[in-house]
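The values are calculated or read from the model by the stated rules, or taken from the named source; none is laboratory data. Quick caveat, the model's predicted, so the values are computed rather than measured. Glycine gets a Cβ as well: all are built from the backbone with ideal geometry, and neighbour counts include every protein chain shown. To get the accessible areas, we keep the full protein, side chains included, count just its heavy atoms, and leave off ligands, DNA and RNA. Shrake-Rupley method; radii C 1.70, N 1.55, O 1.52, S 1.80 Å.
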Amino acid sequence: MARSVTTGRKITATIVAWVVALIIFFPILYTIITSLKTEPEAIAGFNLIPSGTFENYINVQTQSDYLKPFMNSVILSVGSTILALIIAIPGAWAMAFSPTKRTKDVLMWMLSTKMMPAVAVLVPIYLLFRDFGLLDSRIGLTVMLTLINLPIVVWMLYTYFREIPGEILEASRMDGAGLWQEIVYVLTPMAVPGIASTLLLNIILAWNESFWSIRLTTTNAAPLTAFIASFSSPQGLFWAKLSAASTMAIAPILILGWFSQKQLVRGLTFGAVK
Amino acid sequence: MGSITLRHVSKTFGEAKVIPDINLEINDGEFVVFVGPSGCGKSTLLRLIAGLEDVSGGQILINGKEVTAAAPAARGLAMVFQSYALYPHMTVRNNIGFPLKMAKMDKAAIDKKVEAAANVLNLTDYLERRPSQLSGGQRQRVAIGRAIVREPSAFLFDEPLSNLDAALRGTMRLEISDLHNQLKTTMVYVTHDQIEAMTMADKIVVLNRGNIEQVGSPLELYKSPRNLFVAGFIGSPRMNFIEGAYAQSRNAKTVGVRPEHLILSKESGLWTGTVTVAEHLGADTFLHANVDGFGPITARVDGEFGVKHGDRVYMTPDESKLHRFDDKGLALGNAVVAA
Amino acid sequence: MATQNTKTLARLMMAPSVLLLLVWMIVPLAMTLWFSFQNYNLLDPSSDGFAGFFNYEFFYTDPAFFQSIWNTLVIVGGVLLITVVGGIAIGLLLDQPIFGQGIVRILVISPFFVMPPVAALIWKNLIMHPGYGVFADIANLLGLQPVDWFAQYPLFSIVIIVAWQWLPFATLILLTALQSLDSEQKEAAEMDGANFFNRFIYLVLPHLARSITVVILIQTIFLLGVYAEILVTTNGGPGYASTNIAFLIYRTALLGYDVGGASAGGIIAVILANIVAIFLMRAVGKNLDR
Ligand SMILES: Nc1ncnc2c1ncn2[C@@H]1O[C@H](COP(=O)(O)OP(=O)(O)O)[C@@H](O)[C@H]1O
Ligand SMILES: [Mg+2]
């Protein structure tokens, strides 16, 4: 609004907003704090000031081999995202730049595959994985994550590509650029930001996927989601350690997530809200 | 050299026949303007010439050579788009130099040509900027710069000024005309604005629903429109059309009188009317009056002719400049048969 | 652009995505459908052959089935209510000029990036644990008896956790929509004498309508499949008190080894999801014709 806002009102809004924000963020904050406590401290009642030990982080690694599921998460999320991009870029490209009457139907159909409930195909997928020896393999889960995110990737890329004006491509054609030159000099530089956003959001989604990654892995290919889920029946009260493991599991993606607020809206609403 | 010939060119999009059948000759060095209402197929026709769309039928010849199936770049034409279509990630220098780079020209030669073009277009100080850092007029000049460095056999413009404000549009109009005088290269220019058409063209092609209504110099179209459509489209304010008894008395279905061909008086005249609105432009005044017997009429009078809303005025058409049309809307020739 | 060979090329470029998704959609679904009419138990190889609608009947007459349907509805409905109302309120709040807006935004959206098992574990142990959770600490401070959330209110607890995860999503989308509301429109309404309440009812809410629809539909798709949160906290219990359809199918298939029964459940889940999907597709599809 063009009208200047009174400082009093701004201060009130600020206080309310901060209180709400801190309440929402509190569970995460408290996890980080607890991860810096000793185990006895962690269950000794409400306390926001930890003794500041890093012992738990070391324990998570030495006792539970944290690095292995972490590397699995990295490999699976990045791998499946890149695979999805390789498959989706040409398709999204074609739909954005040479749309036909059926383009819209194809897009809607792709979206509809995303709506199939995972549990509905749990049994056949499980049996197929078992028969092909893909259970607990990185390759199997990578393929799975690629497939479930492919519709979102196609959609996101499509909405980005569609914003590249067709006249610019025509201009490059008039300027004598062949298909290859058009791709290298004109399209790629203009498409890179959209591809990067898609990559970012999809890594987040793949990192946090918690159905297939828990059900189709046991130890070798288990990513952080499965690793953390195994803490659900702890032998005793290792809350500080649990908090350290949780913090490490969410920290990388939390930071990526902060950078992808806008893409998140567009990606998860299939371009319906920008 | 830059002559363009269209022979029985047609274009269909799915079911819609956007261009039924067009024959047109554009001579080397001519400034040709395609004018017509929005959606009449001007852009489509231009894009067919450019090779950005395939023709559905007919032939296109450039310099006498058939190019109907040739790729856009192979036709030796340059196009300036309505949205400018600049490459947002390239500097002005690289934008202008892009077609030369595509032609595999060496870097030193590209720089020389780009700088020469920038000089002509007053862009020298902006060569290292990105399009997003330029004003509308500057972007327009970059788009033109990108077209001239190629030394094309003809320029194609698609409503290049429609995104600019009125003042800038006037300036750019002059600049483009100036450029044509300097380069003497064929230019095909699309617009829906008849003022642009009248001021810039050597030859105007009036299009309506994908058909050519008339081809001629601006003055020809103004003086002898072939039909009602052209008569109504060319000239501002619009020609007044009168039907009924007066038209019959002139042996026509419809009679057209341009606003500037009405003689006004506060005392006496052939027709009497009441002023509804008087638009004072300074030198001229556009009078909108309700004429007794046949309704609203627009007249153009001297700025000194002081009238206001509600005043009674008298007007007499200049009989030597009447346009007469038959019941098919075709012009009957200017010679007035006195009743 | 629309020349003939670009069209052929376009088809070729689309082929990988289309074919992969086609296979991904048809093969497992067809298998589920097939299994759902078979006697197929992983522990009992002797039982096989055509089962007719037995699996459906079995699944459908299981008392757990209706409870899990009800639980699914409670989770979806409860989470939607909390996130949409909360999302609008927080969206309106963050749409105001405030100090530190960027940081507040980051704090508010963070829960969305927390993986479900972590979210569930944090809430289960650090917040809602009857002995050592923050809620218990607060209860003790007030001299009240701490609540054993997951034993006494298992479903409600799960709703809270899932709502916490999805609130940022609703907030972010509704905030984005709020920010796209033309400020001149708001000023015009103010000039017309509309107070805050009227502006909200007649201007803001209609403007948000589409975004709210999208939030509801997309969340529903995900909420129908809530799984990890249940697995980590209550494991569906006590009894079937916090088992939703997704979890029931999992229980039947991988704990009960009853492939046929689980497949019948899967088909029912597909039907439920499709009902929602139809509405979502309409909302998104409208947006495609710009
Ligand atoms: N690619 C296309 N597909 C279908 N119809 C089109 C296409 N391009 C243009 N048209 C139709 O052709 C007609 C003429 O369009 P156009 O040449 O852009 O008109 P103008 O430039 O004179 O405003 C319009 O009715 C338009 O809807
Ligand atoms: Mg046009």
**Study point:** Spatially proximal lysines relative to B:Lys328 (Cα-Cα < 27 Å; intrachain offsets below 8 disregarded)
**Key:** B:Lys11, B:Lys17, B:Lys42, B:Lys203, B:Lys223, B:Lys253
Study note, to complete from the structure: Length gained, A:Val16-A:Thr53, 0.36 nm per residue minus C-alpha separation, equals 10.0 nm
Study note, to complete from the structure: Rounded to whole angstrom, the alpha-carbon centroid of segment B:283-309 lies from that of segment A:43-63 at a distance of 90 Å
Exercise for review: Calculate the mean, over all residues of peptide A:174-186, of how many other protein chain Cβ atoms lie within 10 angstrom of the residue's Cβ.
Suggested key: 6
**Study point:** Label-point separation, B:Asn211 to B:Gln133 (7 Å along Cα→Cβ), nm
**Key:** 5.3 nm
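Just tell me how shielded C:225-238 is by partners: mean number of partner chain Cβ atoms within 10 Å of each residue's Cβ, no decimals. Present the calculation step by step, with values, prior to reporting the outcome.
On the way: counts 6, 2, 8, 12, 1, 0, 6, 8, 1, 1, 2, 0, 0, 0.
Shielding by partners across C:225-238 averages 3.
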Study note, to complete from the structure: From DSSP H assignment alone, runs of 4+ in chain B each adding -39500 (n - 2.57), the sum over residues rounded to the nearest 500 puts [θ] at 222 nm at -7500 deg cm²/dmol
Practice item. Give me the distance between the Cα centres of segment C:135-151 and segment B:213-277, rounded to whole Å. Key: 91 Å
Review point. Given a Förster distance of 41 angstrom, what is the FRET efficiency for B:Ser249 paired with B:Leu219, based on the Cβ-Cβ distance and rounded to 0.05?
Key: 0.90
Practice item. Could you tell me which helices of chain C pass both thresholds, a Cα extent of 15 Å or more along their own axis and a mean Kyte-Doolittle hydropathy of at least 0.0, with helices taken as whole DSSP H runs? Key: C:4-35, C:63-94, C:154-179, C:205-223, C:259-288
Point to revise | Global form of chain A, assessed from the alpha-carbon gyration tensor, a/c cut-off 1.5 | key: oblate
Point to revise | Contact order normalised by residue count of segment C:64-168, Cα under 8 Å, 6+ apart, percent | key: 38 percent
Check your understanding: Over the protein assembly as shown, what lengths in whole Å, largest first, do the semi-axes of the equivalent ellipsoid take, defined as the square roots of 5 times the eigenvalues of the alpha-carbon gyration tensor?
Key -> 68, 33, 28
**Study point:** Label-point gap, in nm, between C:Ile275 and C:Leu141 - each point 7 angstrom along Cα→Cβ
**Key:** 4.4 nm
Review point. What average number of partner chain Cβ atoms lie no more than 10 Å from the Cβ of the residues making up A:206-214?
Key: 5
Revision key, fill the gap. Honestly chain C on the Cα gyration tensor test (a ≥ b ≥ c root eigenvalues; a/c under 1.5 rounded, otherwise a/b vs b/c for prolate or oblate) is just oblate
Check your understanding: For segment A:63-272, with only Lys/Arg (+1) and Asp/Glu (-1) charged at the beta-carbon, what is the dipole magnitude about the Cα centre, in debye rounded to 20?
Key -> 380 debye
Exercise for review: Can you send over the solvent-accessible area of B:His192, 1.4 Å probe, protein chains only, in Å² to the nearest 10?
Suggested key: 90 Å²
**Study point:** Whole-angstrom Cα spans of chain B along principal axes, big to small
**Key:** 75, 44, 34
Point to revise | Among beta bridges that DSSP assigns inside chain B, antiparallel share in %, nearest 5 | key: 75 percent
Check your understanding: Considering the alpha-carbon set of segment B:124-273 alone, what are its Rg and its Dmax in angstrom?
Key -> 20.5, 68
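With the Cα gyration tensor of segment A:77-124 in hand, convert its eigenvalues to equivalent ellipsoid semi-axes via √(5λ) and list them largest first in whole Å. It would help to have the intermediate numbers written out before the result.
Details: eigenvalues 117, 63, 7 Å².
Equivalent ellipsoid semi-axes, largest first: 24, 18, 6 Å.
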Review point. Between C:Phe53 and A:Ile32, what FRET efficiency comes out of the Förster formula 1/(1 + (r/R0)^6) with R0 = 60 Å and r the beta carbon distance, rounded to 0.05?
Key: 0.70
Review point. List the chymotrypsin sites (Phe, Trp or Tyr not before Pro) in segment A:131-216 that DSSP assigns to loop (not H, G, I, E or B) and whose Cβ has at most 14 other Cβ atoms within 10 Å. Which are they?
Key: A:Phe132
**Study point:** Rg(Cα)/(2.2 N^0.38 Å) for segment C:140-290, N = residue count
**Key:** 1.44
**Study point:** Simple Cβ-charge dipole of segment B:4-229, Lys/Arg +1 and Asp/Glu -1, about Cα centre, in debye nearest 20
**Key:** 440 debye
Study note, to complete from the structure: Expected max-MSF residue from C:Ile138, C:Ile212, C:Ile127 in the GNM of chain C (alpha carbon, under 10 Å) is C:Ile138
Revision key, fill the gap. Under the rule rounded for a/c under 1.5, else prolate if a/b exceeds b/c, else oblate, using alpha carbon gyration tensor axes a ≥ b ≥ c, segment A:1-124 is classed as oblate
Study note, to complete from the structure: Plugging the Cβ-Cβ distance of C:Ala209 and B:Gln182 into 1/(1 + (r/R0)^6) at R0 = 51 Å yields, to the nearest 0.05, a FRET efficiency of 0.35
Check your understanding: With springs only between Cα atoms under 10 Å, which of B:Ala245, B:Ala73, B:Ala108 fluctuates most in a Gaussian network model of chain B?
Key -> B:Ala108
Review point. Rg/Rh for segment C:226-277: what does it come to with C-alpha atoms and Rh from Kirkwood?
Key: 1.00
Point to revise | Estimated dipole of the protein assembly as shown in Debye, rounded to 20 [Cβ of Lys and Arg +1, of Asp and Glu -1, Cα centre] | key: 680 debye
Check your understanding: Which lysines have a Cα less than 28 Å from the Cα of A:Lys68, not counting those fewer than 8 places away in the same chain?
Key -> A:Lys37, A:Lys241, C:Lys124
Study note, to complete from the structure: Note, C:Leu208: beta-carbon cut-off 14 Å, +1 each Lys/Arg, -1 each Asp/Glu, net +1
Check your understanding: How high is the relative contact order of chain B, in percent, with contacts defined as C-alpha pairs under 8 Å that are six or more residues apart?
Key -> 16 percent
Review point. By the scheme Lys and Arg +1, Asp and Glu -1, what is the net charge of all other residues having a beta-carbon under 10 Å from that of A:Thr100?
Key: +4
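To the nearest 500 deg cm²/dmol, what mean residue ellipticity at 222 nm is calculated for chain C from DSSP H runs of n ≥ 4 alone, each contributing -39,500 (n - 2.57), summed and divided by the residues? Mind dumping the intermediate values first?
Numbers: 14 runs with 199 residues, N = 290.
So the calculated ellipticity at 222 nm is -22000 deg cm²/dmol.
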Check your understanding: At B:Glu66 and B:Phe286, where each label point lies 7 Å from the Cα along Cα→Cβ, what is the point-to-point distance in nanometres?
Key -> 4.9 nm
**Study point:** Backbone N under 12 Å from the B:Asp326 label point (7 Å along Cα→Cβ), restricted to segment B:238-264
**Key:** B:252-253
Review point. Using mean Cβ contacts within 10 Å as the protection proxy, how do A:62-69, B:80-87, B:275-282 order, highest first?
Key: B:80-87, A:62-69, B:275-282
